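The values are calculated or read from the model by the stated rules, or taken from the named source; none is laboratory data. Everything numeric here is computed off the predicted structure, so don't read it as measured data. Glycine also receives a Cβ, built like all others from the backbone with ideal geometry; neighbour counts cover every protein chain displayed.
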């Protein structure tokens, strides 16, 4: 191979001719410097890069400058979308069905509490609110304050605002709504009068009305669960929401008991509204007229229904379940879709039940204990330990003992009174009906038709799993 | 230095590529750093739990305590004068442009109107949702005074029982119970999630209502009745004369008859009475046939059953618990059962036989 670079020739192999004038057309000189045009372009690029870096730094240093950033980042789309977003909402209800482990899927719970003259119980309720283990920001609170003569509303607002402003970032709840509505309830909510037999039917219907108002005003398409809680629950496990949710039932209630002094057996079933239907009760329903309500726990109506309250084995499995046909309102966890499909608290007597009874699946041994007046709502399985720990409560207990005695001694008299009242009411109703029947015979025939229908319809509010 | 001539040449830098790269970098870094707060404008309207965004609420969001005094919510015959909020609810299977146009014609202050829609989750529902959202976007992006106060679109969490929404299939008697039970669930889902604390009136308007008087809401409200129904007609072309004519469409508004009650008393617990089928002659007095004089628009008649094509209800009736029973309630279902339930709660229904709204004409084969 011939070397390319000869002294005798050019690199392309032509011999050098010394005779000719050589202008060396085959050689290129290296450029001395870059042309001015390219230099200018390079400068511009560098300036551009520096500008971008500065803008970036600007973003990081001042993240709050929203207008500028949004303008830069396709913000045109974002800002017009914002206006739309404020007024238009899209929800897919199949995303909020409610599952057994809702806290992992960030399912929202609506916690509903109906209140009336409940100032003394608010402290207790707020101690519960602080202790729920379910993530608080996933719980929306809804209160209905009705016909209150004490400072329920003021105290409630005060305490809620304190709760929302608390230091601990885990304490504040999601949305909080307080609904005020007076229904003009005349029935007194004292223990005696509120559980007096005669007052029960109309009290229940009014309570149902209050519950419906509360729910309809606060249930939103993003709620997966609805939890009903009475304000006077004194002791309940902090994990109650998760515990009930884990069962993944449409409607679930724990068993509610109230502690009594030891000489009375330690505790007493409180909420008798959770029951299974019995033949006797069905037969009884047929004998009553359209607007009557069967109320549990009163001698007048011996229904022989198996009650959740009595079906408790102290050594049983707390997760045992049973099906029930009516539920009590003290503590209900239900999937929001149950309420969305139309289930509500009948404020009329439907199949002879009102309020929460007309509405039911349950675990009998899952325990919560409740007393109405002043104390002792407890988690039974922990009861022994607690009893030792809370010796200070003994004094209170003695007081309670007295109260219980008083209460118990005059129940018979109370029942007598109620009975006569009921009879009077029935007589009046009879008279009214006679008067009505003269006015419109069609009304009566309808009632008759309804009654026949009613008997067979008794399963309507039974919620199927 | 001498450089040989050859195939290797210095590639010129493409400034376009460089600048695109730089801009991309800016975007990537920007979205990474601002993730969560402003980066999902397109996504946001679609996500169900958007409003209280879980992650951000953990850190900063502390919703205030909101108070609503329902004692101050008025429900009066003069809804505009008293600035009463109206909720217009529409269960929608198909979107009709005429429906939307008519809705826009209503002369009621838009800032007092909340719209609620519920659509099934199937192919047809998706198509309707898309069409509906396009129209909503157009309206809500328009001038501020023409915007509705808020609009809520929901998708059903259960499947509709029928795949076909054809008129003939839809009206078959055996299909009625399942169809209307599903319709009731849709209505209840929509109602109980949209009814706000300040709502005074609820107007149920079917998606095939294409013509109403523009003063529909205030006209109906002026009667001050808890439940009030106008008469729903359908316009069609007479095949013999070729002229447009009207005929009654909604047979669910009626006064009860002894015959119907007798039928009910003989029925099994889960059976329902249906209106407008010759197999079941109820001899009820139907409002559809009561229309006589066009000029007496405000003639009222008491009703025992109501239809849902257009229906104005005081919000208190729904709050008291009157819903659309998805099960036989006194052998009645859906809107008819609703009238019965409202009656048990002490609210009575009224009809306006001469006040007409027009439903879309569909071919009946």
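Below are the figures for this structure:
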item	result
Per-region count, segment B:262-282, residues more than 8 Å from chain A (Cβ to nearest Cβ) and more than 31 Å from the chain's Cα centre (by Cα)	4
Condition check for residue B:270: part of a loop (DSSP other than H, G, I, E, B), at pLDDT below 90 and surrounded by fewer than 19 Cβ atoms within 10 Å (Cβ to Cβ)	yes
Listing of strands (runs of 3 or more DSSP E) fully contained in segment A:78-157 that carry 1 or more residues being more than 13 Å from chain B (Cβ to nearest Cβ), touching a helix residue (DSSP H, G or I) at 6+ places or on another chain (Cβ under 8 Å) and over 21 Å from residue B:153 (Cβ atoms)	A:108-115
Failed criterion for residue B:307 (all others in (1) within 13 Å of chain A (Cβ to nearest Cβ); (2) part of a loop (DSSP other than H, G, I, E, B); (3) in contact with a strand residue (DSSP E or B) (Cβ under 7 Å, 6 or more places away or on another chain) hold)	(1)
Residue in segment B:120-138 that is modelled with the lowest pLDDT, counting only those that are outside any helix (DSSP H, G or I) and out of contact with any strand residue (DSSP E or B) (no Cβ under 6 Å at 6 or more places or on another chain)	B:122
Segment B:274-296 - residue that is in contact with a helix residue (DSSP H, G or I) (Cβ under 6 Å, 6 or more places away or on another chain) and buried (at least 18 other Cβ atoms within 10 Å of the Cβ) and, of those, nearest to residue B:307 (Cα to Cα)	B:274
Residues within segment A:34-73 that are farther than 14 Å from residue B:25 by Cβ, surrounded by 11 or more Cβ atoms within 10 Å (Cβ to Cβ) and modelled with pLDDT under 50, tallied	6
Residue count, segment B:199-231 (criterion: in a helix (DSSP H, G or I) and buried (at least 21 other Cβ atoms within 10 Å of the Cβ))	4
Failed item in (1) over 20 Å from the mean Cα position of the chain (by Cα); (2) within 10 Å of another protein chain (Cβ to nearest Cβ), with residue B:319 passing the rest	(1)
Subset of segment B:328-350 [within 21 Å of the chain's Cα centre (by Cα) and not in a helix (DSSP H, G or I)]	B:333, B:349
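Residues are listed down the side, and each one gets a yes or a no for (1) more than 14 Å from chain A (Cβ to nearest Cβ); (2) under 28 Å from residue B:105 (Cβ atoms):
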residue	(1), (2)
B:220	yes, yes
B:231	yes, yes
B:234	yes, yes
B:250	yes, yes
B:284	no, no
B:287	yes, yes
B:290	yes, yes
B:301	yes, yes
B:315	no, yes
